[in-house]
1. Mind listing just one residue for me: the one in segment A:133-159 that is assigned to a strand (DSSP E or B) and touching an Asp or Glu at 6+ places or on another chain (Cβ under 6 Å) and, of those, surrounded by the most Cβ atoms within 10 Å (Cβ to Cβ)?
2. Six or more apart or on different chains, Cβ atoms under 9 Å: show the pairs whose first residue is in segment A:188-205 and in a strand (DSSP E or B) and whose second is of a type in the set (A, V, I, L, M, F, W, C) and surrounded by fewer than 19 Cβ atoms within 10 Å (Cβ to Cβ).
3. Identify, by number, the condition in (1) within 19 Å of the chain's Cα centre (by Cα); (2) more than 7 Å from chain A (Cβ to nearest Cβ); (3) surrounded by fewer than 24 Cβ atoms within 10 Å (Cβ to Cβ); (4) over 30 Å from residue B:269 (Cα atoms) that residue B:350 doesn't meet.
4. Filter segment B:258-305 down to the residues that are charged (D, E, K, R) and surrounded by fewer than 24 Cβ atoms within 10 Å (Cβ to Cβ) and list them by number.
5. For segment B:247-297, how many residues meet the condition of being within 14 Å of chain A (Cβ to nearest Cβ), touching a residue at least 60 places away in the same chain (Cβ under 8 Å) and within 22 Å of residue B:229 (Cβ to Cβ)?
6. Return the only residue of B:29, B:84 being of a type in the set (Gly, Ala, Ser) and assigned to a loop (DSSP other than H, G, I, E, B).
7. Which residue out of B:523, B:547 is within 14 Å of another protein chain (Cβ to nearest Cβ), at positive phi and not aromatic (Phe, Trp, Tyr)?
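The values are calculated or read from the model by the stated rules, or taken from the named source; none is laboratory data. The structure displayed is predicted, hence computed values, not measured ones. Backbone-built Cβ (ideal geometry, glycine too); neighbour counts: all protein chains shown.
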Amino acid sequence: MTPNLHEFMFSSLSIPNLGSPTLLADVNDGFWFPTQASSFAAEADWVYFMILWICILFFVPMVFCMVYFPYKYMKAKGGKAESNVSHNTPLELAWSILPSFLLVWMFIQGTWAFLDVRQPPDGAYDIGVQAFKWGWTFDYGGGTFHPELHILKDEPTKMSMRSADVIHSLYIPAFRAKKDIVPGRYNFMWFKPTLASEKVSEIELNNAKTEFAKAGGTWDYEKHQFTPDGYRFYDLYCAEYCGKDHSAMQTVVVVHETRAELDDWIKQYSTRGTDSLEVYGEKLYNRRGCASCHSLDGTKRTGPTFQGFFDRKHEFVDGSSITVDQNYVRESILDPKAQVVRDYPPVMPSFKGQLSDDDIDSIYAFLQTLSSSSPTTETKAETVAEPTAATE
Amino acid sequence: MSAGSLPKGAIIRDPGFPTKRENYLTTSSGVFSWMFTLDHKRIGMMYLAGVSISFGVAGLLALAIRLHLLSPDGWLFNRPIFKSFTDSEPNDIYNQVFTLHGAIMVFLFIIPSIPAALGNFLVPVMLGAKDVAFPRLNLCSFYLWVFGAIFFVSALFASGLDTGWTFYTPYSTTTNSSVILATMGAFILGFSSIFTGLNFIVTINTMRPPGMTWFKMPLFLWATYSTSIIQVLATPVLGITLLLLIAERVMHIGIFDPEFNGDPVTYQHFFWFYSHPAVYIMILPAFGIISELISVHSHKHIFGYRFIAYSSIAIALLGFLVWGHHMFTAGMSSLTTIIFSALTFTVSIPSAIKVFNWLATMYKGSICLTTPMCYAISFLFLFTIGGLTGLFLGTLATDLHLHDTYFIVAHFHYVMVGGTLVAFLGGVFHWWPKMVGKMYDEKGGQVSALLVFLGFNLTFLPQFVMGSRGMPRRYATYDPEFAFLHQMSTVGSLLLGLGLLVALVVLMMSLYRGKRAPANPWGGATLEWMCTSPPPFYNFDRAPVVGDPYEFHWIEWDESNERYVSVEPERKLVPGEEPAHAPAHSSHKH
């Protein structure tokens, strides 16, 4: 079917707007739905309310019968039924066949909208997505990665998604869009955002930043309701159960008004620029998902803490142990399962091809700032052989 | 004829009460007389006890889940008391608890509840038969259930399974929990289910009494028959899945795990190829119960018998073709997805037909709002919501948004709890006098039905709104915007729990303080009401002669003895057959 015909059918059907539930949906954040922020949201909501009205059309008379019949025909024990009609074939055929037409209509509407979602338009803006236990990394190309999803208003955006471990599912309620991310294959989805995220005032942003600088830790999106760059956001959830921190596997979507604004944002995160290794390493720690498993203050999370990283001996599941050096850090980032620290699950995904040498150096430099002692270069050569042998 | 005045001179048939020696509950005593019994009624009662215990355990776990979700950061499992006996983190406890809740409810309660417990008791009695076709196989399937239940639950506990009841790969194979043991447990339980299904198919095919043609069978038997077909055909797939999982783990043949070049979505296909038909194993027997309840308590012929019977078969067959609708977002091809969506809509038609027919049965009936009828009407309301909300999920455009949110959670609870559980309770209240020979307190029963209805709606209606607003399922913590709806839901679950507790108390009290039940307390016309309450060990002295199971005009209320009796002159006999004689002891004892 041609898109034109589709548009014609669709708009002609949606003209009556179907009364009050639609009104509710039209206000931002209505009773039933979150804000409609993608082209698909309006379409899906329209189908939803169409089905809702059909259901109400059936439900109300049925409930009337359920309530009225027992009231009207209630009799004392031993009373006889007023009628004992055992069947009425034309009536039964009617109520079997007529609703089927409504079902066909529902099916067609739902499938039409679905086909739109399936076929990304040519030349859509492509963003790589990596999902892992328990976080997200978005690949903006040119070596720029960030855990927040930043996209452009009215620009069809295609997500090429892969998973580092188990099945996840990318779900943005405001876009009414969801797709599972299955390990071992690429899954794709696309959408066209239609509502740009607001920017909060400089004063509000600065207040929050001062507070954040004082408190430390990670940025609390829930509390501030805007990103560290001062944008309001839409929620992005993992919808497929993936283990312990499934419910924390959330990030935010920011829709930019203009391409220039989006480019500026990406540029801000693209390279180390003038940052020192240590400063940039800390940014990577927060941006690339390290923070979700490795604490800086000694608390035990999914992975070992980075506090005093170079001060202790690390014992592995196979019984061997080493003192951390640069090569160990590198190996743990690129091939995390080669040596797994005792008492921790082997869940860290590999960052091979995702972190440049400069990135790894930066992380290493950052880790050094967290320890009082630092490894000497001389011991490096000896310890390299040992862990490799122990893996076998 | 008005209530209380029986015609003078008419032959009144009522089997009276069983003697202690006849009563199947007292005919022999001692633990072994129960453990090694071949009597389908005793086996049914043992199942009833077993599934009720499973339900109690899984229900308490459900309350724990709801209490945890009282606050956005989690409440219950954050209490210090949990720190004292486990070093698991609150999220881990939550994940294990919801897994246990789902797995126990599905495999130990909902699947065997109606077919194994009520079905075992009722199928032979409704057929006027002495027992099922293979009584030893029947006992064997009970012990398989017990063994499977112990195996399954200990596998879940021992490995701290936290995969959800669906055991999706690769999550289930990469965590330390043991998916193979759990699947094996499910498959042992599956064998119990296959044997029961096989037994019922043979029983219904070969042991119908004279006069009971296929279309003179009570609709509960049609429902049981359809269910049995699914049990026999679908459950083996669970065994195949298990073998494939083992082949992959042991021989590293890539099937489900991407690590060996397998595809996790294949697992979902296998799993749902069993588990979707299993959904109909859960709901079809409930349809059967409701057909009996509505007709008997409206004292009116069931409306559209053939449509109801055929729709059971249609659901059983179509139910095999729609498993893919669990995977609309998994990345199947567009064509496959669309075909599954279309097939899914076809299942909704036979379900709708049944509801229309039940409503038409009540029209111009003579309705008594007894406890079973209250549950039946409650079922109609809840199942209608459950069925209609299924349309949002079968429609592709809306499913993409609603899949894996609380909308789904609410939808299947409306079908499984509002449907199957409520029908099960209605059935238990309906046949309780027959099973134990005691009447329960009617007021208490009605209160329980009302509490269950209110509590259930308060629990799950808010979840539809949460789901539409984008609250994903299986979250141990959640955004504060959902807090109010979650709290409503928790309050509702406590009310629901209270209602179930009242039902339990009412039934237990009846054992000690209940009046002796007459053979036919409700005015039913199916054969189980033609033998004493409780039935004698052999059910019937000789195969009874049957007419229409929904013909009520020869059943009269006997006010002075508070019982319904059959009045002979109007009873239709099959030509050439002698009428069934009431046993000598049963002549008018009033």
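1. Looking only at segment A:133-159, we keep the residues that are assigned to a strand (DSSP E or B), and these are A:135-139, A:145-146, A:149-152, A:157-159.
Restricting the remaining residues to those that are touching an Asp or Glu at 6+ places or on another chain (Cβ under 6 Å) gives A:145, A:158.
Working: A:145: 21, A:158: 17.
Ranking the candidates gives A:145 first.
2. A:190/A:124; A:199/A:205
3. (4)
4. First, pick out the residues of segment B:258-305 that are charged (D, E, K, R): B:259, B:263, B:292, B:300.
Within segment B:258-305, B:259, B:263 qualify.
5. Within segment B:247-297, residues that are within 14 Å of chain A (Cβ to nearest Cβ), touching a residue at least 60 places away in the same chain (Cβ under 8 Å) and within 22 Å of residue B:229 (Cβ to Cβ) number 3.
6. Values: B:84 fails: assigned to a loop (DSSP other than H, G, I, E, B).
The unique qualifying residue is B:29.
7. B:523
Listed here are the residues, each with its yes/no results for (1) small (Gly, Ala, Ser); (2) assigned to a loop (DSSP other than H, G, I, E, B).
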residue	(1), (2)
A:242	no, yes
A:247	yes, no
A:263	no, no
A:267	no, no
A:281	yes, no
A:296	no, yes
A:303	yes, yes
A:307	no, yes
